[in-house]
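Every number here is computed from the coordinates shown, using simple stated rules; none is lab data. A quick note: this is a predicted structure, and the numbers were derived from the prediction, not measured. FYI the Cβ positions are ideal-geometry reconstructions off the backbone, even for glycines, and counts take in every protein chain you see.
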Amino acid sequence: MQELLDSLRYATLAGYSWEQPRLLLLLPLVPLLFVLRWALARRRRAHLDVAFVAGELRRDWSAALRFVPDVVLALSLAFGIVALARPQRTDERVVQTGQGIDIVLVLDVSASMELQDLRPNRLEAAKRVALDFLARRHGDRVGLVVFAGDAYSLAPLTTDYELLHENLQSLRLGLIANDGTAIGTALGVATNRLRDSPSRTKVCILLSDGENTAGSLDPLTAAQLAHAYGLKIYTIGLGQDGVVPYGTDENGRPRFVETRLDETTMRQIAQAGDGRFFRATDNAGLRQIFDQINRLEKSEIKQTRYRNTQDYYRTYLYWCLGCWLLWLALKNTFLTNALED
């Protein structure tokens with residue numbers, strides 16, 4: 001009985017999916033049928049003028065009982081329509097098979113990442129593309145290492161993409177007080193994160209716009225060490241060589257500085273890590289590079305979806321039949337006007 005009563009709650013009805021949802025559009029027509037019936041009966045009914053004595057005719061609440069059979073019949077029709085619309089609930093279970101890959105993003109946050117040859121600047125462009133890259137990974141563990149003059153692991157290998165999203169969004173210039181470009185040290189931190197990983201594929205993606213100017217670990221030595229632990233290294237050189245825009249001066253005029261990427265070292269790092277070197281001189285180029293890496297490093301994860309759909313139309317069919325039987329019973333009582341039927 002409790003199940004029957006729960007089926008009438010709005011929250012229960014709102015929680016269903018419907019196999020034939022268009023049939024629910026017939027529900028507003030149910031009361032219109034009775035209005036039409038009343039209007040036709042009124043036109044055909046013979047009128048008899050009766051004179052009453054002076055005074056008002058007393059109204060009694062029991063007169064409203066003659067509408068009870070019509071209400072019961074309307075409910076029966078409404079429940080029948082709901083049953084025909086086939087209310088359902090579907091439970092979906094996703095089973096993953098296979099194994100994802102482990103990826104560490106190594107991102108330069110040094111002062112030179114403020115240069116504006118990529119829009120709005122190099123760091124913001126790298127963050128946006130990294131966020132897009134993250135959104136397209138499924139089942140992979142991803143970590144985050146940031147560096148300037150020092151290198152830090154900002155996020156461990158995790159599938160908590162929401163946490164990684166927040167960490168990427170929080171990156172800013174000046175995050176690391178000691179300025180410089182410690183590429184070798186950053187690779188060492190990434191290697192520490194990945195070396196004990198059980199994954200068959202371990203990938204390090206290094207984004208930097210300069211040459212190694214800080215840290216005590218040589219970048220090429222760090223790359224060779226990473227390769228010894230099974231890491232594949234992709235290096236991405238950000239920005240253009242030469243004179244590039246860098247903010248404005250006190251008079252609001254654009255400033256320019258000269259910059260240079262140590263492309264040779266970046267290529268050597270990628271080669272030592274059995275990966276590839278890419279050069280991104282604009283936003284579109286950087287986006288294409290990450291698209292390429294996405295295609296190169298695919299997870300071996302397969303998803304199998306199991307759907308279990310349960311019908312609930314029987315509950316409303318019971319209500320429909322119950323109201324219909326009640327209406328038939330009421331037709332044989334004083335509540336029904338035999339002349340109208």
## Note on the structure
Percent relative contact order for region 93-177, counting Cα pairs under 8 Å at least six residues apart, stands at 36
### Message
Can you tell me what share of the DSSP beta bridges in the chain is antiparallel? A percent to the nearest 5 is fine.
### Response
50
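Hey, fewest Cβ within 10 Å first, where do Lys232, Lys202 land in order?
Values: Lys232 21, Lys202 24.
Listing Lys232, Lys202 from fewest to most nearby Cβ atoms yields Lys232, Lys202.
With each run of n ≥ 4 DSSP H residues scored as -39500 (n - 2.57), what mean residue ellipticity at 222 nm is computed for the chain after dividing by its residue count and rounding to the nearest 500 deg cm²/dmol? Walk me through the numbers on the way to the answer.
Working: 11 runs with 130 residues, N = 341.
Taken over the chain, the calculation gives -12000 deg cm²/dmol.
Taking 8 Å as the Cα distance limit and 6 or more residues as the minimum spacing, I'd like the relative contact order of the chain as a percentage.
Numbers: 604 pairs, mean separation 80.3, N = 341.
Once divided by the residue count of the chain, the mean separation gives 24 percent.
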### Task
Search the structure for amide H atoms under 5 Å from the amide H of Arg279, placed 1.01 Å from N in the peptide plane, and list their residues when 5 or more places away or on another chain.
Gly237
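Given charges of +1 on the Cβ of Lys and Arg and -1 on the Cβ of Asp and Glu, with all other atoms neutral, how large is the dipole of region 99-300 about its Cα centre, in debye to the nearest 20?
On the way: 22 positive and 27 negative charges, 121 e Å.
Magnitude of the dipole: close to 580 debye.
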### Query
Remind me, relative contact order of region 99-300 in percent, using alpha carbon pairs under 8 angstrom and six or more residues apart?
24
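To make sure I understand, if each residue's beta carbon is the centre and we count other beta carbons within 10 Å, what order do Leu107, Leu5 fall in, fewest to most?
Working: Leu107 23, Leu5 9.
Listing Leu107, Leu5 from fewest to most nearby Cβ atoms yields Leu5, Leu107.
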### Query
Residue by residue through region 229-238, which ³J(HN,Hα) values in whole Hz follow from phi under the Karplus form 6.51 cos²θ - 1.76 cosθ + 1.60 (θ = phi - 60°), with glycine and proline marked x?
8, x, 7, 9, 10, 9, 10, 10, x, 9
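Stick to Cα atoms and the Kirkwood definition of Rh, then tell me Rg/Rh for the chain.
Details: Rg = 36.7 Å, Rh = 26.4 Å.
Expressed as Rg/Rh, it is 1.39.
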#### Entry: Cα pair distances in region 155-201, grouped into 5 Å bins until the bin that holds the longest one, percent each
5, 16, 18, 23, 24, 11, 4, 0
#### Entry: Long-range lysine pairs (8 or more apart or interchain), the chain, Cα under 25 Å
8
### Query
Near the amide H of Leu154, under 5 Å away, which other amide H atoms are found, from residues 5 or more places off or on another chain, if H is placed in the peptide plane?
Leu144, Val145, Val146
### Query
Any number yet on Rg/Rh for region 99-221, C-alpha, Kirkwood?
0.95
### Query
Short version: ³J(HN,Hα) in whole Hz for each residue of region 70-83, in order, from phi by Karplus 6.51 cos²θ - 1.76 cosθ + 1.60 (θ = phi - 60°), x for Gly and Pro, what are they?
5, 5, 5, 5, 4, 5, 4, 5, 5, 5, x, 5, 4, 5
## Note on the structure
Residues Ile205, Ile293 in order from fewest to most other beta-carbon atoms within 10 Å are Ile293, Ile205
### Query
Taking all pairs of different Cα atoms in region 270-318, averaging 1/r and flipping that mean, what Kirkwood radius in angstroms comes out?
15.8
### Message
How tilted is helix 283-296 with respect to the longest principal axis of the chain? Cα atoms for both, answer in degrees (0 to 90, nearest 10).
### Response
80
### Query
Size of the dipole of the chain about the Cα centre, Lys and Arg at +1 and Asp and Glu at -1 on the beta carbon, nothing else charged, in debye to 20?
1920
